[in-house]
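A.B. asks: Questions regarding the structure given below will be posed in turn.
FYI, it's all coordinate maths here, none of it is from the lab. Given the structure is predicted, the values throughout are model-derived calculations rather than measurements. Positions of Cβ are backbone-derived with ideal geometry, glycine not excepted, and every protein chain shown enters the neighbour counts.
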Amino acid sequence: MNGRMTVRGILATAVILGLAMPLAALRAADPAVKAETGTIKGTVTGMDGKPAAKVRVAVMKPRPKGQGAEKKKDFTADPGATPPTPPSEPTPPQGGPGGPGGGKRPKPVAETMTEADGTFIINDVPVGEYMLWSGSREAGMAREPAKVEAGKTLEVKLTLKEPPQRGGNGGGGGGAK
């Protein structure tokens, strides 16, 4: 009986795969599915002006407006203005580099690595507005807004620049050499 169960299981799997694979192929070929996405194609150039090989390129959702550094009102300019009263309880931290959530970095919508000639292609990116990020700590960094449109290819050129120095106590973290 155990042998019959195995044969039945194999036949059932074959039937399911036989039906599922053509359906997946039809969905992939469906113009309506492709119309919901676009492509980002481009080149990443290093700080030295040469193509940047094997550098990460990520498509990130932009942070919502209002996240990040808040502007503080200058109460010295308007003597009649009253500064806000401090809350009676400490306000919980709103997150670090990734926004709310304790500093967790957002996950990219899509990502790839550049080829030896600095080129990259990211297919099937959902339609929308994004921040395109490229680089590494060693190679430098580049960011650029990107708007992906249905069925279109967005071409970009990114040039890596020295990453901005992070604030801190100025320790630099240098260890023994």
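A.B. asks: I want to check the label-to-label distance for LYS161 and ILE121. Put each point 7 Å from Cα in the C-beta direction and report it in nm to one decimal.
C.D. replies: A separation of 3.0 nm, rounded to one decimal place.
A.B. asks: How far apart, in nm, are the 7 Å Cα→Cβ label points at SER136 and LYS61?
C.D. replies: Modelled inter-label distance: 2.9 nm.
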